[in-house]
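Visitor: Handing you a structure now.
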Amino acid sequence: MSLKLGVPSKGRLMDKTVEWFARHGIELGRSGSDREYAGYVKGIDGVELVLLSAGEIPRELATGRIHLGVTGTDLIREKLGQWEQQVEELAPLGFGQADLVIAVPHAWVDVNTLDDLDAAAAAFRLRHGFRLRIATKYHRLVREFLREAGVADYQLVDSQGATEGTIKNETAEAIADITSTGDTLRANHLKILEDGLILKSQATLCRARAAALSDAERATLGELRARLGVD
Amino acid sequence: MPERAATLAEAARLRGLFEAAGAQSVETSVLQPAEVLLDLYGEDIRARAYVTSDALRGEQMLRPDFTVPVVQMHMEHGAEPARYTYSGEVFRRQEEDARRPNEYVQVGFEIFERDAPETADAEVFSMFFNILHPLRLRAATGDIGILMAAVDGLRTTDRRKAALRRHIWRPRRFRALIERFSGRAPVPETRAALLSARDPMAGAGPLIGLRGEDEIISRINALREDAQTDPISETEVDLLDAILAVRETSPNALERLRDIAVDMAAIQGAVDRLARRLEALDGRGIDIGALDFEASYGRTQMEYYDGFVFGFHAENRPDLPPVATGGRYDALTRHLGQGREIPAVGGVIRPGLVLDLGGVS
């Protein structure tokens, strides 16, 4: 058997991952056509490339179906309970940087901190009869963050994409989403709360703690780590 | 963990004891409408309860506790006064500690009665005390009502009191509010800038979303008013701290609280209730001289309790959650009763933990 390496199957994240491995003399590529989800690895023996949706990589690591995987720290922390016990973060890869933040309309001049958000949420609930809605796909991270901060009277509404638009569409009053430059937030007339940074994320090479290793796979893992400089 | 059959048999036995004390046995559904629980507990309940759904009824939760359905049942068609008992599984999501069970059996006992609440408090507590006595657990008691009375009695604006009351069960936020209202915490820069702005809406940009300009202006006005308000005095903050620090055997705690009430008359009524409760407990044969009282007990765990609270802990097994917990939840009945209310007190035992610790029969 070979050591299974899970890599995002498309987009910038895949391209950057391929570049990062190439810098360490390991060539990753798609076999056959561009649409095929099978890959090859050149430059080291005994490693098999598994192309996966970035969002599935944390789960595949947790079950041990792949030994190594590249995904964002945001997804690891959102999708895995007690993630430290399930995966080991071997190396940040220096791309895919994104901050998970809480943002509100720029016009809310009275709301700049979590403290303000909490007070605004209380007043909002009295006025509108329901809890202030925060649109996000990071339910666990956001809920834990707001509980820790003691913010009450809000509810999370699920948004799997175009989250910045939910406020204008009046399906949410605030959002918690990832941003790299803040441009999209600004373009949508939103601002980040001063203490609203939930997590700084970037693409990270992770090792599955639960994945069983044969002697040969262990040797391959050792060699790969040495080659990648992540001993 | 004991076997399921043994746990259910123990649950039935415990329920029998409550029935013998005059409680009517009731059943509730495992699936509960999510809306009611979300409205009551907020988003946090999603971290603790399993949510499922169908296209007709929408979101449902696997019963995270019995209190809400039992209160609803009583508010709909219960006779007064009433004593109920029940047993069955509750379900709790566990995302941080896989050793904690996500499904366990509870046996409960609840009293709905208008007269003599302290007598009902004592009845519930002594039932639990006597049942659990062979396990030599540590009984902890407290009274959220004393802190609530202290907040209500502060010499400050209703708005500040409401903000503090809202965060009674979130000690960190409560403390942050006290720091701010007493002038100990500095005003954040952005807040100072907002308050001194001639036109705070200048440069606000386009208004988007449901929260309108009137709501923003109304909060700014509230903040301006608050900035003009005198800070909560050092003396009152010290008295609040003194209340929260009370942690003694019950008679000593009562003496201490009586001393505090001399300077903070607002808690006198709540302290009198504590005195009557201790008297009632004494009348039921509880050794109150050995009974611990902590004024801040139950503040982080038991959010709907607003008066007497108690818990039974296995001191030599710190890995275990409390074997039994309970308290008074008058406000919950007001919330679920849509205008009606009834004083209520009750608690639950976990028969699985009782057996874990060697059993009581």
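Visitor: What pairs from A:LYS4/A:LYS79; A:LYS168/B:LYS161; A:LYS168/A:LYS200; A:LYS42/A:LYS137 go past 28 Å between their alpha carbons?
Guide: From the list (A:LYS4/A:LYS79; A:LYS168/B:LYS161; A:LYS168/A:LYS200; A:LYS42/A:LYS137), the Cα-Cα distance tops 28 Å for A:LYS168/B:LYS161; A:LYS42/A:LYS137.
Visitor: Further, regarding this structure: Taking the 0 to 90 degree range and rounding to the nearest ten, how far is the long axis of helix B:234-244 tilted relative to the main principal axis of chain B, both from C-alpha atoms?
Guide: Around 20 degrees separate the two axes.
Visitor: Rounded if a/c is under 1.5, else prolate if a/b is larger than b/c, else oblate: which is the range A:98-200, with a ≥ b ≥ c the root eigenvalues of its Cα gyration tensor?
Guide: rounded
Visitor: Okay, helix-only estimate at 222 nm for chain A: each DSSP H run of n ≥ 4 adds -39500 (n - 2.57), divide by all residues, round to 500 deg cm²/dmol; what do you get?
Guide: -9000 deg cm²/dmol
Visitor: Tally Lys and Arg at +1 and Asp and Glu at -1 over the other residues with C-beta under 12 Å from the C-beta of A:HIS189: what net charge comes out?
Guide: Counting the neighbours of A:HIS189, the net charge comes to +2.
Visitor: Fewest Cβ neighbours within 10 Å first, please rank B:SER250, B:SER296, B:SER53 accordingly.
Guide: By the 10 Å Cβ count, ascending: B:SER53, B:SER296, B:SER250.
Visitor: What relative contact order, as a whole-number percentage, does chain A give when Cα pairs under 8 Å and 6 or more residues apart are counted?
Guide: About 29 percent, as a whole number.
Visitor: Between Rg and the Kirkwood Rh of the protein assembly as shown, both from Cα atoms, what is the Rg to Rh ratio?
Guide: 1.02
Visitor: If you don't mind, there's one more thing I want to ask. Taking amide H atoms as placed 1.01 Å from N in the peptide plane, list the residues 5 or more away in sequence, or in a different chain, whose amide H sits under 5 Å from that of B:ALA185.
Guide: Distant-sequence amide H within range of B:ALA185: B:ARG180.
Visitor: Per residue of B:161-168, how many C-beta atoms from partner chains lie within 10 Å of its own C-beta, taken as a mean?
Guide: For this peptide, the per-residue mean of nearby foreign Cβ atoms is 2.
Visitor: What list of ³J(HN,Hα) couplings, whole Hz, do you get for the range B:86-101 from phi and the Karplus terms 6.51, -1.76, 1.60, once you set θ to phi - 60° and write x for glycine and proline?
Guide: Values, residue by residue: 7, 8, x, 7, 10, 10, 10, 4, 10, 10, 10, 9, 5, 6, 7, x Hz.
Visitor: Against the longest principal axis of chain B, how steep is helix B:268-283, in degrees 0 to 90 to the nearest 10, with axes from Cα atoms?
Guide: The angle comes out near 10 degrees.
Visitor: Return one number: the angle in degrees, 0 to 90 and rounded to the nearest 10, between the long axis of the Cα atoms of helix A:11-23 and the longest principal axis of the Cα atoms of chain A.
Guide: Roughly 40 degrees, rounded to the nearest 10.
Visitor: Long-range amide H contacts for B:GLY88: which residues qualify at under 5 Å (H placed 1.01 Å from N, peptide plane, sequence gap of 5 or more or a different chain)?
Guide: Close amide H contacts, sequence-distant or interchain: B:GLN106.
Visitor: Which whole-number percent is the relative contact order of the range A:98-200 (Cα, under 8 Å, 6+ apart)?
Guide: 49
Visitor: Right, here's the next one. Using θ = phi - 60° and the Karplus curve 6.51 cos²θ - 1.76 cosθ + 1.60, what whole-Hz ³J(HN,Hα) does each residue of the range B:136-144 get, with Gly and Pro shown as x?
Guide: Karplus-based 3J(HN,Hα) across the range B:136-144 equals 6, 7, 8, 8, 10, 10, x, 7, 5 Hz.
Visitor: While we're looking at this one, here's another question. With springs only between Cα atoms under 10 Å apart, run a GNM on chain A and tell me which of A:ARG143, A:ARG127, A:ARG209 wobbles the most.
Guide: It is A:ARG127.
Visitor: Follow-up question, since we're still on this one. Mean residue ellipticity at 222 nm from the helices of chain B, using -39,500 (n - 2.57) per DSSP H segment of n ≥ 4 over the full residue count, to the nearest 500 deg cm²/dmol?
Guide: -13500 deg cm²/dmol
Visitor: Let me ask something else about it. Hey, got the average number of other protein chain Cβ atoms within 10 angstrom for residues in B:218-224?
Guide: 3
Visitor: Just to be sure I follow: if Rg is taken over the C-alpha atoms of chain A and Rh is the Kirkwood radius over the same atoms, what is Rg/Rh?
Guide: Computed over Cα atoms, the ratio is 1.06.
Visitor: Continuing with the same structure: Arrange B:THR333, B:THR249, B:THR85 by Cβ neighbour counts within 10 Å, fewest through most, would you?
Guide: In increasing order of surrounding Cβ atoms, one gets B:THR249, B:THR333, B:THR85.
Visitor: HN-Hα J couplings of the range A:161-174 from phi, Karplus 6.51/-1.76/1.60, θ = phi - 60°, integer Hz, Gly and Pro as x?
Guide: For the range A:161-174, the Karplus-derived couplings read x, 6, 4, 4, x, 5, 6, 4, 7, 6, 9, 7, 9, 8 Hz, x marking Gly and Pro.
Visitor: Also, quick follow-up: What number in nm² do you get for the range B:71-159 if you take the convex hull of its Cα atoms and divide its surface by four?
Guide: Here the figure is 10.2 nm², rounded to one decimal.
Visitor: Now a separate question. Ranked highest first by average number of other Cβ atoms within 10 Å, how do B:165-173, B:212-220 line up?
Guide: Sorting B:165-173, B:212-220 by mean packing, highest first, produces B:165-173, B:212-220.
Visitor: So how do A:GLU194, B:GLU43 line up by other beta-carbon neighbours within 10 Å, fewest first?
Guide: With the sparsest Cβ surroundings first, the list reads A:GLU194, B:GLU43.
Visitor: What is the mean number of Cβ atoms from other protein chains located within 10 Å of the Cβ atom of each residue in peptide A:99-109, rounded to a whole number?
Guide: The mean count of partner-chain Cβ atoms within 10 Å per residue comes to 5.
Laboratory data are not the source of any read-out in this text; all were calculated from the coordinates shown. Everything quoted here is computed from the prediction, not taken from an experiment. Neighbour counts are summed over all protein chains in view; Cβ atoms, including those assigned to glycine, are modelled from backbone coordinates with ideal geometry.
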